[in-house]
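One structure below.
The values are calculated or read from the model by the stated rules, or taken from the named source; none is laboratory data. These numbers were taken from a predicted model, which means no experiment stands behind them. Using ideal geometry, Cβ is built from the backbone for each residue, glycine included, and neighbour counts are taken over all protein chains shown. Calculation scope for accessible area: heavy atoms of the full protein, side chains included, ligands and nucleic acids excluded. Shrake-Rupley method; radii C 1.70, N 1.55, O 1.52, S 1.80 Å.
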Amino acid sequence: MHDRISRTRHPKASTMSTTAELAATRSFFGPRAAGWEDRFPDDEPAYRRMVAELAPPPGGRALDAGCGTGRALPHLRAAVGPAGVATGVDATPQMLAEAARRGRATAASLLLADVASLPFRAAAFDAVVAAGLLPHLGDPVTVLRELARVTAEGGRLAVFHPVGRAPLAARHGRTPSDQDVTAPARLRGLLAASGWSLATVDDGTERYLAIAVRRPG
């Protein structure tokens, strides 16, 4: 259990995500961090259900990549239990500060780091959550490869959003497209190119959840 934010630098970060991309991410999410969860007060059951279906093993190691305010972290902690490890990584300091304010640092380590170049050894985790992450990436394959690198063979990845693609697109005044990074056919190809096999997809109206498995090699 941890009561502070660990701020971690990685020597390859500048080669993986451009300074402009990181600046844009922080510019967007930083000012919104304090009230982020208040905008979506009904999402908690969807996070709980997602972690249950991801099924991190008791005593295992779970990562929330792009954790934001850390909504998945208490559920990951409950799944892996006291013998396990739960870690949240985000690139926006204000999001991690809000996660700590909400008590998530008692459930998991909170690290300031670039998801495109994570400060972990290979095969460090058994389960990974990417909630609302992929649509914000300029190069999703690079990040998916990095998530594969830090995931043990047979480990599982949850690509998740607490509302479905159609209502999420409607919030932004558009309709879902087959070119969306989370469109099932496109996501299958992105995962296949980055060390994952797509196992299941729930592309419904109430939530979006794709589960992928880390391939050998």
### Message
Checking residue 142 against (1) open to solvent by 20 Å² or more (accessible area, probe 1.4 Å); (2) assigned to a strand (DSSP E or B): exactly one of these is not met. Which one?
### Response
(2)
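I'm trying to understand the selection: among the residues of the stretch 135-157, which are aliphatic (A, V, I, L, M) and either out of contact with any helix residue (DSSP H, G or I) (no Cβ under 8 Å at 6 or more places or on another chain) or modelled with pLDDT of 95 or more (or both)?
First, the residues of the stretch 135-157 that are aliphatic (A, V, I, L, M): 137, 141, 143-144, 147-148, 150, 152, 157.
Those that are aliphatic (A, V, I, L, M) and either out of contact with any helix residue (DSSP H, G or I) (no Cβ under 8 Å at 6 or more places or on another chain) or modelled with pLDDT of 95 or more (or both): 141, 143, 144, 147, 148, 150, 152, 157.
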### Message
Among the residues in the stretch 92-104, are any within 24 Å of residue 187 (Cα to Cα), touching a Phe, Trp or Tyr at 6+ places or on another chain (Cβ under 7 Å) and aliphatic (A, V, I, L, M)?
### Response
no
### Query
Cβ-Cβ below 6 Å, separation at least six or inter-chain, first residue in the stretch 185-209 and closer than 13 Å to residue 147 by Cβ, second among the charged types (D, E, K, R) and surrounded by fewer than 21 Cβ atoms within 10 Å (Cβ to Cβ): which pairs?
194/145; 195/215
### Message
Just to verify a result, which residue in the stretch 103-113, among those that are in a helix (DSSP H, G or I) and under 23 Å from residue 30 (Cβ atoms), is most open to solvent (accessible area, probe 1.4 Å)?
### Response
104
### Task
Go through the residues of the stretch 47-61 one by one and say whether even a single one is buried (at least 24 other Cβ atoms within 10 Å of the Cβ) and of a type in the set (Asp, Glu).
no
### Task
Sort through 174, 186 and tell me the only one that's within 15 Å of residue 135 (Cβ to Cβ), surrounded by fewer than 18 Cβ atoms within 10 Å (Cβ to Cβ) and at pLDDT 95 or above.
186
### Query
Yes or no: residue 59 over 18 Å from residue 92 (Cα atoms) and more than 17 Å from the chain's Cα centre (by Cα)?
yes
### Task
Give the residues of the stretch 79-96 that are open to solvent by 50 Å² or more (accessible area, probe 1.4 Å) and touching a residue at least 24 places away in the same chain (Cβ under 8 Å), sorted by residue number.
83, 85, 94
### Query
Among 169, 100, which is in contact with a strand residue (DSSP E or B) (Cβ under 9 Å, 6 or more places away or on another chain), in a helix (DSSP H, G or I) and either open to solvent by less than 30 Å² (accessible area, probe 1.4 Å) or under 24 Å from residue 30 (Cα atoms) (or both)?
100
### Message
Which pairs turn up if I take residues in the stretch 30-45 that are among the small types (Gly, Ala, Ser) and look for partners that are assigned to a loop (DSSP other than H, G, I, E, B) and open to solvent by less than 60 Å² (accessible area, probe 1.4 Å) with beta carbon separation below 6 Å, at least 6 apart in sequence or on another chain?
### Response
30/92
### Query
Hey, among the residues in the stretch 117-132 that are assigned to a loop (DSSP other than H, G, I, E, B) and at pLDDT 95 or above, which one's nearest to residue 67 (Cα to Cα)?
118
### helices (runs of 4 or more DSSP H) (entirely within the stretch 1-91) containing at least 3 residues that are at pLDDT 95 or above and under 27 Å from residue 204 (Cα atoms)
44-54, 73-80
